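**Student:** Handing you this structure, nothing more for now.
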Amino acid sequence: MDSNKNVLFLTIVAALIFASCRSEHRVLYHQYRSMDIDGWETQNVMTFDIDSIPKDMQCRMAVGLRVTRDIQFQKIYLLVDQCWENPKMVKRDTVEVKLTDVMGNLEGDGIYIYTTEVEFDKNLSLKRGQTATVSVSHIMRRNLLFGVRDVGLKLVSD
């Protein structure tokens, strides 16, 4: 009898833990592309291909940067081009990624490499079957940026 109560109690606890850890949001796409060790040149466009969207949904898109202490800027400005198919939709965003505080201390998570993520398209209406190519480039005055290790893209359903 006591073992049945223990099993029931453990089952209920496990179910509650599972339910509390479960996120309402679902990551549909999350990918990072590594940068050339010599730096990120303006013409070096990072391209991400998003597979077919499983159903009609509202989504949010974010861009991420992984940087080292070699970064020379407090902020980096990115140009993000989205080209969706089925149905066709083209979007262009300029995204400001804040990398340091006013004292020059790197923000974001990390020890040697710091990761910063910025949501830029918070109300993206996507249709079932849509695919996309998303390209990210920097639009800084300096052609070559040192300290950027990776560029990433994340698509999350609401």
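**Student:** Can you list the HN-Hα couplings for segment 45-59, worked out from phi with the Karplus curve (6.51, -1.76, 1.60; θ = phi - 60°), rounded to whole Hz and with x for Gly and Pro?
**Tutor:** Working through the residues one at a time gives 8, 8, 10, 10, 9, 9, 6, 4, 6, x, 7, 4, 6, 8, 9 Hz.
**Student:** Using amide H atoms built in the peptide plane, which far-off residues or other-chain residues are under 5 Å from residue 149 H to H?
**Tutor:** 66, 67, 68
**Student:** Please list the non-local residues whose amide H lies under 5 Å from the amide H of residue 107, H modeled 1.01 Å from N, same-chain partners needing a gap of 5 or more.
**Tutor:** For residue 107, whose amide H was placed from the backbone, the distant partners under 5 Å are 100, 101.
**Student:** Excluding residues fewer than 8 places away in the same chain, name every one of the lysines whose C-alpha is closer than 30 Å to that of residue 75.
**Tutor:** 91, 98, 122, 154
**Student:** Could you state the orientation-averaged shadow area of the convex hull built on the Cα atoms of segment 14-158, in nm² to one decimal?
**Tutor:** Averaging across all directions leaves 10.4 nm² for the Cα convex hull.
**Student:** Still on this model: How large, in Å, is segment 113-158 by the Kirkwood hydrodynamic radius built from its alpha-carbon pairs?
**Tutor:** That comes to 13.8 Å for segment 113-158.
**Student:** With 19 Å as the cut-off, how large is the P(r) tail for segment 38-96, expressed as percent of Cα-Cα pairs?
**Tutor:** In whole percent, the share of Cα-Cα pairs in segment 38-96 beyond 19 Å is 44.
**Student:** If you plug each phi of segment 128-135 into the Karplus form 6.51 cos²θ - 1.76 cosθ + 1.60 with θ = phi - 60°, what whole-Hz ³J(HN,Hα) values come out, in order, with x for Gly and Pro?
**Tutor:** 4, x, 5, 10, 8, 10, 10, 10
**Student:** Ranked from the most accessible area to the least, with a 1.4 Å probe and all protein chains present, what is the order of 93, 70?
**Tutor:** Result of the area sort, largest leading: 70, 93.
**Student:** Starting at 0 and stepping by 5 Å, how many percent of the alpha carbon pairs of segment 77-157 end up in each bin?
**Tutor:** Taking all Cα pairs of segment 77-157, the binned fractions are 3, 11, 21, 23, 17, 11, 8, 5, 1, 0 percent.
The values are calculated or read from the model by the stated rules, or taken from the named source; none is laboratory data. Being a predicted model, the structure only gives us computed values, none of them experimental. Quick note on the areas: whole protein, heavy atoms, side chains included, nothing else; ligands and nucleic acids left out. Shrake-Rupley method; radii C 1.70, N 1.55, O 1.52, S 1.80 Å.
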